[in-house]
Amino acid sequence: MKETPITGRHRLLGARLVDFAGYCMPLSYAGITQEHLAVRERCGIFDVSHMGEFIVRGKEALDLVQHVTTNDASKLKIGQAQYSCLTKHDGGIIDDLLVYRLDEDQCSEGEQAFMLVVNASNIDKDFSWIKEHNTFDTRLINISEQTGLLAIQGPISVAQLQPHTETNLSDIAYYRFKKGSFAGRDNILISATGYTGSGGFELYGLNEDIAHIWDALMDVGDMTPIGLAARDTLRLEMGYCLYGNDLSESTTPLEAGLGWITKLKKGPFIGREALLQQKEDGTVRRLMGLKVRDKRVPRPGYKILDADGQECGHITSGTHSPSLDAPIGMGYIDKAQAKVGNEVVISTGRKELSAEIVSFPFIEV
C-alpha cells in the first residue's frame, strides 16, 4: 500500500488502518459516532492526501478543461473552484472532481492554469483519459505524488485555523480559495470546500509542508482526527455522492441528480450528445434518499421493491446516521417510483425493511 505524508502519525495515534484505493488510510480512531459528532459540533481534521491533483497549464488550458468536463469552467475567475464530472462518450461518469482556476504567476503570456482534484481510485484512469483527449496547446501535469491535502471541517474551523495564517479565512467564500502562508509554510492553497456539509477548509501543499501543518493543528485544543468511516457517514447525511458507489461509468450525471453541474448549453464536450438525448428522452431512474424504519442499515446491492413487491431499484450507499440515530441510504429508483414521500421496501435477501423516499440532505446543518 502507498502511504500519505501522515500515515506514520496515524499509526502513533492508534488509528485502525485499512487499504483504501491502494493507500494505507485511517478508518477510525476513537470511534465513528464520536468522530462524526466532533465534526458536526466542533472541528475535525482529515488526511485526504490520497486524492489526485493534476495541473492543466497552457494557452488552451480552458479549452481542454471544457472539452473533458461537464460544468462550465469559463465561468471561473482566478480564486474560484467548481464541482464537475468527467464523462464518457455515452454520458457515463468517469469521475467526479473539483476544478480550480489558478493564478497565472507561473504561466507564460497568454496562458491559463487550472488544478483538477480527482478521486484516489481514479488517478491513473483519469490522467490517461484527459491525456488521450489533450489535442490542445496545453500541458497536463500529474502532481499527485508530491501533493498533500488536509480537510479541516466543522463549525469552529475558522477559529481553530485563523491563528496559523495571516490570510483572513472569513473572507474566503464557499468554493473560493486563496494562496498564502500557513503554520510558517508558504504557498499553501486554502480552499473553502469540503465533503461534510459542516463548513471548513481544505489545505493543499507539498507533502513535507502538509505533515508539518498536521502537527501544528494537532497541537490545537478541540481538533479531532477523523477517519474514513466518519467521512462516509458525514457525506451520506448530506446526500453527497461517492464514486464507485453512487457514481460510476454506468451512471450519468442526469440520473445522479447532477444536472446542475452538466451545462449542456456551454458547447461541445465529451458525452454532451448522449446527455442531450437522455435529457430529451427523460431519465428512467433517479438517485434518491431513503430513510429506513428499522434498525438495520441498507447495504449496497440490496434490492428496492415497490408497494406491489416488484423490484424498482437498488441501494448504492447506506449507513447509520449518528445525527438522526437512524439508518439512511441512497439508491437508484425507477422514475415512476422515485417520488419523495413514496413508501418502498428494501430487501436484504432474508428480511424486508420498510423505508420512505426522502429528499437530500437528510439533515440541516
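The table below lists the values:
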read-out: Neighbours by Cβ (under 8 Å, 6+ apart or cross-chain): first from region 341-364, assigned by TED's automatic domain parsing to the domain that holds MET330; second in a strand (DSSP E or B) and loosely packed, with under 11 Cβ neighbours inside 10 Å; value: none
read-out: Test result for THR193, part of a loop (DSSP other than H, G, I, E, B) and either out of contact with any strand residue (DSSP E or B) (no Cβ under 7 Å at 6 or more places or on another chain) or under 23 Å from MET25 (Cβ atoms) (or both); value: yes
read-out: Extreme residue, surrounded by the fewest Cβ atoms within 10 Å (Cβ to Cβ), among residues of region 1-45 that are part of a helix (DSSP H, G or I) and of a type in the set (Lys, Arg); value: ARG11
read-out: Matching residues, region 219-275, being within 12 Å of the chain's Cα centre (by Cα), crowded, with 20+ Cβ neighbours inside 10 Å and hydrophobic (A, V, I, L, M, F, W, C); value: LEU234, LEU236, CYS241, LEU247
read-out: Test: residue in region 306-321 that is of a type in the set (S, T, N, Q), more than 19 Å from ASP232 (Cβ to Cβ) and at pLDDT 95 or above; value: yes
read-out: Members of region 119-151 found to be more than 19 Å from the chain's Cα centre (by Cα) and among the hydroxyl-bearing types (Ser, Thr, Tyr), listed by number; value: SER128, THR135, THR138
read-out: Any hit, region 299-314, residues being farther than 22 Å from GLY197 by Cα, surrounded by 21 or more Cβ atoms within 10 Å (Cβ to Cβ) and of a type in the set (Gly, Ala, Ser); value: yes
read-out: Candidate set: region 328-365, residues that are modelled with pLDDT under 95 and β-branched (Val, Ile, Thr); chosen: the one surrounded by the most Cβ atoms within 10 Å (Cβ to Cβ); value: THR348
read-out: Scan of region 158-171 for residues that are closer than 26 Å to GLU35 by Cα and either out of contact with any helix residue (DSSP H, G or I) (no Cβ under 8 Å at 6 or more places or on another chain) or β-branched (Val, Ile, Thr) (or both), ordered by number; value: VAL158, ALA159, PRO163, THR165
read-out: Any pair with Cβ under 6 angstrom, 6 or more apart, that starts in region 7-35 at a residue that is within 18 Å of MET223 (Cα to Cα) and at pLDDT 95 or above and ends at one that is in a strand (DSSP E or B) and among the charged types (D, E, K, R); value: LEU27/ARG16; SER28/ARG16
read-out: When residues of region 196-226 are limited to those that are touching a strand residue (DSSP E or B) at 6+ places or on another chain (Cβ under 8 Å) and of a type in the set (Gly, Ala, Ser), the one nearest to SER323 (Cα to Cα); value: SER198
read-out: Residue tally, condition of a type outside the set (A, V, I, L, M, F, W, C) and surrounded by 16 or more Cβ atoms within 10 Å (Cβ to Cβ), over region 276-290; value: 5
read-out: For VAL284: the one exception among (1) in contact with a Lys or Arg (Cβ under 6 Å, 6 or more places away or on another chain); (2) touching a residue at least 60 places away in the same chain (Cβ under 8 Å); value: (2)
read-out: Residues (in a helix (DSSP H, G or I), of a type in the set (A, V, I, L, M, F, W, C) and over 12 Å from VAL56 (Cα atoms)) located in region 100-137; value: ALA120, ILE123, TRP129
read-out: Residue that is modelled with pLDDT of 95 or more and under 26 Å from CYS85 (Cβ atoms), where the choices are GLY271, GLY267; value: GLY271
read-out: Top-ranked residue in region 107-118 [being of a type outside the set (A, V, I, L, M) and crowded, with 20+ Cβ neighbours inside 10 Å; ranked as nearest to ILE190 (Cα to Cα)]; value: PHE114
read-out: Matching entry among ILE152, ILE123, ILE141 (being surrounded by fewer than 17 Cβ atoms within 10 Å (Cβ to Cβ), among the aliphatic types (A, V, I, L, M) and touching a residue at least 24 places away in the same chain (Cβ under 8 Å)); value: ILE141
read-out: Residues within region 259-279 that are touching a residue at least 60 places away in the same chain (Cβ under 8 Å) and assigned to a loop (DSSP other than H, G, I, E, B), tallied; value: 8
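For every residue, the table says whether it meets (1) surrounded by 15 or more Cβ atoms within 10 Å (Cβ to Cβ); (2) touching a residue at least 12 places away in the same chain (Cβ under 8 Å).
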{"residue": "LEU98", "(1), (2)": "yes, yes"}
{"residue": "ASP105", "(1), (2)": "no, no"}
{"residue": "SER128", "(1), (2)": "no, no"}
{"residue": "SER170", "(1), (2)": "no, yes"}
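The values are calculated or read from the model by the stated rules, or taken from the named source; none is laboratory data. Since we're looking at a predicted model, the values are computed, not measured. We place every Cβ from the backbone using ideal geometry, glycine too, and count neighbours over all the protein chains shown.
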